[in-house]
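The structure under discussion appears below in the form of structure tokens.
Every number in this text was worked out from the coordinates using simple rules, so none of it is lab data. Because the structure is a prediction, the values reported are computed rather than measured. Neighbour counts run over all protein chains shown; Cβ positions are idealised from the backbone, glycine included.
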Amino acid sequence: MHTPSTAARPSIYYHYQVFKPWLASAHPEQDRKKVVIVGAGPAGMVTALELARHGVPSVVLAAELQFSQGSRAICFTRRSMEILQQVGVADRMTAVGLPWRFGNSFYRGQRVFRMEAPHDADDRFFPIINVQQQFMEEFLHDACQANPLIDFRWGNKVTQVVQKAGHAVLEVDTPEGPYTLESDWVVAADGGRSGIRSAMNLQMEGASYEGFFVIADIRIDLPYPTERLAFFDPEWNPGNTILMHREPHGIWRVDYQLPPGETPEEALRPESLKTRIDAQLAMIGHAGVPWEMDWSSVYSARTLTLPEFVHGSVIFTGDAAHLLPIFGVRGANTAFQDAQSLGWHLAFVVKGLADQKLLTNHSAERVGAAREIIAESGKSTRFMAPPSRGFRLLRDAVLSLSLTQAFVRPLYHWRTSRPHEYSHSMLNSTDDDNGLFKAGPAHGAPPQNVRLGPGAGDGDYLLDHLGGGFDLLYFTDAPALPESLQAVIQNVRAQGVPLKVIAVGATQPVAGADQTLSDADGHLRERYGVPFDHGSNAQAQGAAYLLRPDQHICARWLTLDATRLQAALAQALPQ
């Protein structure tokens, strides 16, 4: 019998709520579900919310009775915030979070590199915002609880998954005993130590780096802005690296590398933690400043991924699918992209709008993303924690030269997580004008947000108007869409495919479009590479972009006709 803890987790800044377990005795009827999601972390809850956004119900099984312990993931990227906006929690994240865009690297008391993440008026969100994971989980859980399509079950631990023909059978243990649950699909979002992955004997590919790092969250008053601080080869921790991040509610994270041979148990002893943190504070000029420990943990850097995420009726996502180092804020941010992708791919298969080739595409795209991240994060990891004498010699040479030579300083750049571009996706159109565009997001790229100009509401952005299905941006100043295009759009909608049409450039509503954006200054057209003459206000008629339900570009045309639109939609929804 599963007995999750009913004692609230300790924290000096967050009040943990202990939820009541979901018990089968109170729900005797257990029909087969469309989707069961195992795991209630960021990946699991965003997947549930994405599925619900596309009209697909799901059951979320959480083994514990409360949110995860400690701040864990704290740095969330702009693209993550755009995804969280789609599922309705970005405003709450913004209200409590600390946005930032600069990172500082120090060596021998000198700042040798200052990273500046790009940010302009077209960006609703900052490049990164710091929010402790408990708050983010709370916001996602509240959104799940408010959605009638999501059945959230606390205190339900999956002990076995058996695949049958076309579905899976789950054995679920609870505080009153086990029950059986059938589902067409199972999403394994059960974390880095995935029990489902282990039970299926699935092996990950990649590398695990030697050495350990300590994360310690302390409450302390320090007079620094919200910027990343990295200290290389300090006297108190020679050859190693220390990171510091400001968090909401007066918390600072101190993240330091351990010397070779020290065990996690030794590193987490109170006297060891105090000695190291006091030494770090003294090094930055704040010796003796009182501080209080909230949470500490140990991790090691790993760059691993499953070679395939879809195994029969079981689909892996988040840390259950891949293990990535935290350097470059890649963990939860990658999980959000996994979940957004999985949400629409799986929803369209469940609803019969595409066959299971669509899930093959999801796996190929997200495995490709994981491998790209592994290649990038491996570079960062080897600089932060050199795995061999050769890498250490190279890193130390960079450190030494950076004191006087500016040309080596960019090597400190930590290669921040960025959204993957599905440039080679099987969903991309094979008969469009992608290669003819001189600007704008290309095949597989995420959307370029644009602040809308005169005629739009204050603080109105393009991404505020996208999402929920396919989006067709059609650039025209004509009073109506061509009838042949309207016929294709109506036919696609009649098949149940959600397709929204936004006309861009006209001053009056365009017949056949769901919405019209005037774009009086041509700024949106400019950012999307659509020819536009500011002087004559003339533009190329019928240029268009087709965006998938995750807003990634799958087709774009300088001139769109009905035949090519039909072909692009067929390519994006394999049958």
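Once the mean of 1/r is taken over each pair of separate Cα atoms and inverted, the stretch 142-221 shows a Kirkwood hydrodynamic radius of 16.3 Å. Computed over the chain, the per-residue total of -39500 (n - 2.57) for DSSP H runs of n ≥ 4 gives a 222 nm mean residue ellipticity of -8500 deg cm²/dmol, rounded to 500.
Here the simple spin-label model places points 7 Å from the Cα toward Cβ, and for L394 and H167 these points are separated by 5.3 nm. For the chain, the longest principal axis of the alpha carbon atoms and the long axis of helix 331-350 meet at an angle near 30°. In a reduced charge model with +1 at each Lys and Arg Cβ and -1 at each Asp and Glu Cβ, the chain shows a dipole moment near 1020 debye about its Cα centre.
Using the Cβ-Cβ distance between L403 and S208 with R0 set to 25 Å, the FRET efficiency from 1/(1 + (r/R0)^6) comes to roughly 0.15. Net length available on complete extension from Q110 to E372 is 91.1 nm, with 0.36 nm assigned per residue and the Cα-Cα distance removed. Annotation for Q145 and S300: the two label points, set 7 Å from Cα along the Cα-Cβ direction, are 3.9 nm apart. Size estimate for the stretch 47-143 follows the Kirkwood approach: the inverse of mean 1/r over distinct Cα pairs works out to 15.5 Å.
Model label points for Q356 and E308, set 7 angstrom from Cα along the Cα-to-Cβ axis, are 1.0 nm apart.
With 0.36 nm allotted per residue and the present C-alpha distance subtracted, the T263-A442 stretch has 59.7 nm of extension available.
Normalised by the number of residues in the chain, the mean separation of alpha-carbon contacts (under 8 Å, six or more apart) gives a relative contact order of 14 percent. Each residue in Y224, Y14 was given a count of other beta-carbon atoms within 10 angstrom of its own, and listing them fewest first yields Y224, Y14. Residues K34, K274, ranked from the fewest to the most other C-beta atoms within 10 Å, line up as K274, K34. Sorting H119, H2 from the fewest to the most surrounding beta carbons within 10 angstrom yields H119, H2.
Start at zero, step by 10 Å, and the Cα-Cα distances of the stretch 434-572 spread as 12, 47, 35, 5, 0 percent across the bins. Other residues with beta-carbon under 9 Å from the beta-carbon of W185 carry, at +1 per Lys or Arg and -1 per Asp or Glu, a net charge of +1.
Say R0 is 56 Å: what FRET efficiency, to the nearest 0.05, do R493 and A279 get from their beta-carbon distance? Once rounded, the FRET efficiency stands at 0.30.
Relative to the dominant Cα principal axis of the chain, helix 42-53 is inclined by about 20°.
When you have a sec, figure out the Kirkwood radius of the chain from all distinct Cα pair distances and drop it here in Å to one decimal? For the chain, inverting the mean 1/r across all distinct Cα pairs yields 25.5 Å. Loop-located trypsin sites (Lys or Arg not before Pro) in the stretch 97-168 (DSSP state other than H, G, I, E, B) with a sparse environment of at most 12 neighbouring Cβ atoms within 10 Å are absent.
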